[in-house]
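J.: Below is a structure I'd like to ask you about.
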């Protein structure tokens, strides 16, 4: 996500090494690089101008505190200003207003192919899990082939309820009937998927205006494809003139290497970013947070998102049980399998790397993450082919058993041997935790300089 912009800005920081303070000359050089980075990222020109003015005003004469380099000090200024641009003058963006007599109606608008239907499914999942709401979805798209069936499928995937409709009905009639049904069956939220077009046309605007008038939604969300770049902002502006938009959902941000729309949309349209789509899966929707997005852009990673993802997917009781097992020196293949499952639930290696700081992610990108995820699935398949006793006592695995496991998992015997060798290594590491040995081992490694960079962690 936003790789080009991140790379540019990280190069900017490197040019400032060895300087004592932010002066007019070195700041001007930095600002030139930042301007190029933002323009390459397809950020709107008015946004670039105002952002650079603010950065220059805040940066000049700023003392470089303690161990910070001037580059790091400037990045601090840039981070604050990026957050401010994306946040605007209002409160935090990633909040839906549901303060109305149920059902709260949320109307989804946007062009064809922007990801409205998928976003409805993702939003239904988010509302159910995060807000504990009873959600009804309905499709008013009677034009696109199989649009209604698609919404029904994604609604079933996330466990929400779907209001049936067909292509012979008028969008207005469908919406009114769905709202009536929701009132009678005590739904908290109704998500209305509308028809998209390949361009902004009068028919689309009139239809969605009449839907808005009859439904009186508490939130009207504009779904826009991040890969449109500057066009995304212009489209959002056109829609905002026709409809009283309350928020924007920026989709396909995982496939966008520029991300200028994320920076521009708030300032140009005056409409806050509410959510960002970061993956195709139904859990690939995040409430937008300006500070955290700024951190991602600057290559600082989004550790908070990683923690939240872990909290969502990791079974705390299991984790505590495993910790107790490890402290007693016990770690078997069943525990190894549980760790693999939890990593897969968190979206695999690629999803984790996206949220790490850029220097860590770059180091990891040299490896084939797709191959790593395949290997994880293969390892899990091998362990699944074992009996519970074999998982507890890997020493039982002799040649005949290995052949049976390999046949069951659809792999060669060498793969089973490789897994067992990896497990032995991991088991050896886990034993270091027993009786507080790990701390002593790490300290001795630092003293000897055995691992590059570790020594610094122990210096005061």
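We did not get these values from a lab; they are worked out from the coordinates using the rules stated. Predicted, not measured: the structure shown is a model, and the values here were computed from it. Using ideal geometry, Cβ is built from the backbone for each residue, glycine included, and neighbour counts are taken over all protein chains shown.
J.: Residue 177 label point, 7 Å along Cα→Cβ, cut-off 16 Å on backbone N: hits in the range 105-126?
T.: No residues fall inside that zone.
J.: Separate question: When a footprinting reagent is the concern and you count Cβ atoms within 10 Å, what order do 139, 400, 83, 50 take, fewest first?
T.: Going from least to most buried by this count: 400, 50, 83, 139.
J.: Further, regarding this structure: Would you calculate the separation in nanometres between label points at residue 112 and residue 185, each defined as 7 Å from the Cα along the Cα-to-beta-carbon direction?
T.: 3.0 nm
J.: Between residue 206 and residue 418, what length comes free when the chain is fully extended (0.36 nm per residue of separation minus the Cα-Cα distance, one decimal in nm)?
T.: 70.0 nm
J.: To continue, here is another question. Between residue 400 and residue 197, what is the spin-label point distance in nm, taking each point 7 Å from the Cα along the Cα→C-beta axis?
T.: Result for the modelled spin labels: 7.4 nm.
J.: Can you sort 155, 376 so the residue with the fewest Cβ neighbours within 10 Å comes first?
T.: Ranking 155, 376 by Cβ neighbours within 10 Å, fewest first, gives 376, 155.
J.: If R₀ is 30 angstrom, what is the calculated FRET efficiency for the pair residue 425 and residue 281, using the beta carbon separation as r and rounding to 0.05?
T.: Between residue 425 and residue 281 the formula returns 0.45.
J.: Now for a separate question. Take the Cα radius of gyration of the range 74-135 and divide it by 2.2 N^0.38 Å, with N its residue count; two decimals is plenty.
T.: It is 1.51.
J.: Tell me, in nm to one decimal, what length is gained between residue 98 and residue 149 on full extension, where the rule is 0.36 nm per residue of separation less the Cα-Cα distance?
T.: Computed gain between residue 98 and residue 149 is 15.6 nm.
J.: Alpha carbon centre of the range 118-195 versus the range 213-266: separation in Å?
T.: For the range 118-195 versus the range 213-266, the Cα centre distance is 20 Å.
J.: Given the Cα-Cα distance of residue 238 and residue 58 and 0.36 nm per residue of separation, how much length would full extension add, in nm?
T.: Value of the extension gain: 61.4 nm.
J.: So, one more: Using Cβ contacts closer than 10 Å as the measure, can you line up 424, 42 from fewest to most?
T.: Listing 424, 42 from fewest to most nearby Cβ atoms yields 424, 42.
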